[in-house]
Each structure stands twice: as C-alpha cells, then as structure tokens.
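Engineer: A single structure is presented below for examination.
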Amino acid sequence: MEILSRLLQAMRDNNATDLLLNSRSAPFLRVDGRLKPLEMKPLSAAQLERMLPLMMSEEQLAAFRRNPEANLAVSAPGIGRFRINAYRQRGEVALAIRAIPTTVPTFQELGLPEGLSQVSMLRRGLVVIAGPAGAGKTTTLASLIAYRADHDTAHIITVEDPIEYEIPTTRSVVSQREVGKDTLSYENALTNALRQSPDVLAIGEARHVTALEHALEFADTGHLCLTTIHANTTTQTFERMINLFGEEEREQVLLCMAHNVKAILFQNLLPSESGGRVLAWELLMMTPRLQELVRKGAFWELYEAARKSPSGGLQTFDDTLYTLYGEGLISEETALEHAHSDNDLRLRMKLSSTGPQQAPPRQAM
C-alpha cells in the first residue's frame, strides 16, 4: 500500500524514532522524544486493517486474529527496517512502528564505555542492560552481541520478539531465533538452548519469571547470558528481578543472583542540545562486597558501597551526566533533572573550571 510506504519514508525524513497509527487521530511521529502530528487526515479503520497482510505472514495474521497482539520486524526496500507492534483499540487495528538502524552501532558510536568490550567477552555470568522503555536497550544488546561475534569464535544464540538487528556473522556462528516464527515461545526456545551447543545466549527481554529463571540457569552452568529489563535505576534492576519470584524462592534466587550477575548497565536517552537524543549510562561491575549485599537483598546499599569500592566497581550516572554537560551535549537543566544527586552534581558543575566543550560525533538515536 502506497500510504504505508509514504508514512515510513516520513519517519526517515524527519529522523523519527516512532510512528503511531490509529483511526481516531492523525498519524503521529516521535521526534527527539516528543510527539508531533503529520499534516494529514486520520487513516480509516479499513486502511489500517488492509496494512496487516502487507506486514505479516499468513501464520502471523492468523495468530493476530486469534490474539490481537503482534510483534514483528519488516524491511521496506529503499527506506529501512522497522519494528512493528500491532494491536487493537476500541475493536480497531492500531500500530506502533519503530525505526531500526540498518547496521549495528558500535560502543563508540553509541557513546557507551569502552569497558563494555570486556563485558561482552566474559566467559560466564549474567549481564543485564536496564533502563526505561525507549532507552535504546535493544540497540545496546545488539552492539554487545556484534562485538562478541566479531572478536571471538563462539556460538551465539539469540531469542527475540521480534528480531530487530541482523547480526553479521564474522568469526562466530550466530543463530537468531524469532518467537512466533522460529520457535513457539520464549520458554520453548530457552528450554532447548542448552542442547544447541551455545557459548552465549541473548534473551531479548526478561519480562517474565521463566525468562529470568533460564537466564540464571544458563549463567550458572558456565555460559554467558545477556538480557534486558525495564528498570529506572541500577539498584531497582535487582528489585525488579527478585520480585518476579515468589517469597519462598527469595533466598535461593538471591544466592544465584549474587553468584551469577557480573554487570548491570543502566541507560537512558536524554534530549541533546543539538537536537536528537544522547545516551547517558551507568555501569555497575560486581565485586565480592557487592555480591555479598545482593545475597543479603540489601540493594539500597549497593550504590554507596560501589562508590567506595577501591576496585572502582561503579561508573555512575551522574559522572556521565557531568561529562555530557561538559561536552556541551546536554543542558545543565537536563543534567540536574536526571541526576542521582542533583545537589552534588550542581556543586561539581559550579566548581568545574571548564565550561561545555565540543564533543566527538555520536550515533543519532
């Protein structure tokens, strides 16, 4: 359908991250984190319904008829690749479409720490990428996988819903499995993963207890597992993980988390001074002291303990905000709004002898 191609092209022309379609309002683009309407009439319910066969296979379409929730990724020739969530509201089809970069960005392009290269090369353990919705977690996960694939000879299995980035296979074997297409469910794929001779397992998102159980089991059996989770802070990541389990399992799960979690990367996308958004991050590397706190469930003590650690187990979010402000990438207002301790960051800015400097280019997000 020509209208769909024109809408996807409008996303690219406006550097939009998202396109929202339903029959009750004009199409909206999300640009630099903010919604703006396109100057056109709302699409009709019939137009939206006719878009589904253009995006979905017969099997996907039949599944959507039974259960009106669908996640898929499509490629539009000459335009790009997009992740699509199809659903119904008031009985009518609605679509949320997200643009996916055609190539996997590097750590440097994303503005991520160089230390992630060491994290991606770990032989065992669980690495969690945390952040709110729309914070670029999937992109960071893909970057970690691509780095490992390019620098090691390993069998990397991914379980995704849907597959967003196509990981190039250079030195490694990469098996990308899409829920609903290559496997019936996350549970089916994860149950069989250990029988497929893997070295690394990447789980698109640990939304449910089953996915997290398998992630911890995979790490516990001597493999590296990478996943993402929705959380608003580094310490909340542990709380979200443990709260997926019942109280009767708490002690055993805490012990397993303490033993297996190796790193947590928290990230968020913030409005940039030059337009677009820029990535801010915090990297927590586990130490024996932090493992002991996790075993006790004392998550509220992690931040301060990591800051005092002589081994430097934490690169803080406020450190990144200070750097981004110093490079002129974000405003003082943005930095203070998102700071862990706005008073400490304000004082640090005030005492700084250098103002904002020109920053090196980063991948637009």
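The values are calculated or read from the model by the stated rules, or taken from the named source; none is laboratory data. Quick caveat: nothing in here was measured; it's all calculated off a predicted structure. Cβ: placed from backbone, ideal geometry, glycine included. Neighbour counts: every protein chain shown.
Engineer: For segment 259-269: of the residues being among the polar types (S, T, N, Q) and part of a strand (DSSP E or B), which is surrounded by the most Cβ atoms within 10 Å (Cβ to Cβ)?
Structural biologist: Looking only at segment 259-269, we keep the residues that are among the polar types (S, T, N, Q), and these are 260, 267-268.
Retained after the next criterion (residues that are part of a strand (DSSP E or B)): 267-268.
Details: GLN267: 24, ASN268: 22.
Within segment 259-269, the match that is surrounded by the most Cβ atoms within 10 Å (Cβ to Cβ) is GLN267.
Engineer: Quickly run through segment 84-100 and pick out the residues that are touching a residue at least 24 places away in the same chain (Cβ under 8 Å) and part of a strand (DSSP E or B). Outline the logic, then answer.
Structural biologist: Of all residues in segment 84-100, those touching a residue at least 24 places away in the same chain (Cβ under 8 Å) come to 84, 86, 89-90, 92-100.
Selection gives ILE84, ALA86, GLN89, GLU92, VAL93, ALA94, LEU95, ALA96, ILE97, ARG98, ALA99, ILE100.
Engineer: Give me a count of the residues in segment 150-172 that are over 17 Å from TYR186 (Cβ atoms) and surrounded by fewer than 23 Cβ atoms within 10 Å (Cβ to Cβ).
Structural biologist: Number of matching residues: 13.
Engineer: State which residue is surrounded by the fewest Cβ atoms within 10 Å (Cβ to Cβ) when the search covers only segment 105-147 and only residues that are of a type in the set (Val, Ile, Thr) and more than 13 Å from the chain's Cα centre (by Cα). So that I can check it myself, show each step before the final result.
Structural biologist: So in segment 105-147, the residues of a type in the set (Val, Ile, Thr) come out as 106, 119, 127-129, 138-140, 145.
Cutting the leftovers down to more than 13 Å from the chain's Cα centre (by Cα) gives us 106, 119.
Values: THR106: 14, VAL119: 21.
If we take residues in segment 105-147 being of a type in the set (Val, Ile, Thr) and more than 13 Å from the chain's Cα centre (by Cα), then THR106 is surrounded by the fewest Cβ atoms within 10 Å (Cβ to Cβ).
Engineer: State which residue is surrounded by the most Cβ atoms within 10 Å (Cβ to Cβ) when the search covers only segment 270-291 and only residues that are among the charged types (D, E, K, R) and assigned to a strand (DSSP E or B). Quick ask: steps written out before the conclusion?
Structural biologist: Going through segment 270-291, the residues among the charged types (D, E, K, R) turn out to be 273, 277, 282, 289.
Adding the requirement that they be assigned to a strand (DSSP E or B) leaves 277, 282.
Values: ARG277: 21, GLU282: 25.
Out of the qualifying residues, it is GLU282.
Engineer: Take GLU213 and tell me if it is within 28 Å of LEU254 (Cα to Cα), among the charged types (D, E, K, R), at pLDDT 95 or above and surrounded by fewer than 19 Cβ atoms within 10 Å (Cβ to Cβ).
Structural biologist: On the way: within 28 Å of LEU254 (Cα to Cα): yes; among the charged types (D, E, K, R): yes; at pLDDT 95 or above: yes; surrounded by fewer than 19 Cβ atoms within 10 Å (Cβ to Cβ): yes.
Considered against the rule, which asks whether it is within 28 Å of LEU254 (Cα to Cα), among the charged types (D, E, K, R), at pLDDT 95 or above and surrounded by fewer than 19 Cβ atoms within 10 Å (Cβ to Cβ), GLU213 comes out as yes.
Engineer: Give just the number: which of (1) surrounded by fewer than 19 Cβ atoms within 10 Å (Cβ to Cβ); (2) farther than 14 Å from THR233 by Cβ does GLU301 not satisfy?
Structural biologist: Status for GLU301: all satisfied but (2).
Engineer: I'd like the residue in segment 304-315 that is within 26 Å of the chain's Cα centre (by Cα), surrounded by fewer than 22 Cβ atoms within 10 Å (Cβ to Cβ) and outside any helix (DSSP H, G or I) and, out of all such residues, is modelled with the lowest pLDDT.
Structural biologist: Of everything passing the filter in segment 304-315, GLY312 is modelled with the lowest pLDDT.
For every residue, the table says whether it meets (1) out of contact with any strand residue (DSSP E or B) (no Cβ under 8 Å at 6 or more places or on another chain); (2) of a type in the set (Gly, Ala, Ser).
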{"residue": "ALA231", "(1), (2)": "no, yes"}
{"residue": "THR235", "(1), (2)": "yes, no"}
{"residue": "GLN252", "(1), (2)": "yes, no"}
{"residue": "LEU269", "(1), (2)": "no, no"}
{"residue": "SER274", "(1), (2)": "yes, yes"}
{"residue": "GLU282", "(1), (2)": "no, no"}
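Engineer: Let me ask something else. Give the number of residues within segment 173-207 that are under 21 Å from ALA133 (Cα atoms) and crowded, with 18+ Cβ neighbours inside 10 Å. First the steps, then the outcome.
Structural biologist: Kept after step one, since they are under 21 Å from ALA133 (Cα atoms), are these residues of segment 173-207: 178-179, 186, 202-207.
Add one more test, that the residue is crowded, with 18+ Cβ neighbours inside 10 Å, and what stays is 178-179, 186, 202-206.
Summing the residues that are under 21 Å from ALA133 (Cα atoms) and crowded, with 18+ Cβ neighbours inside 10 Å in segment 173-207 gives 8.
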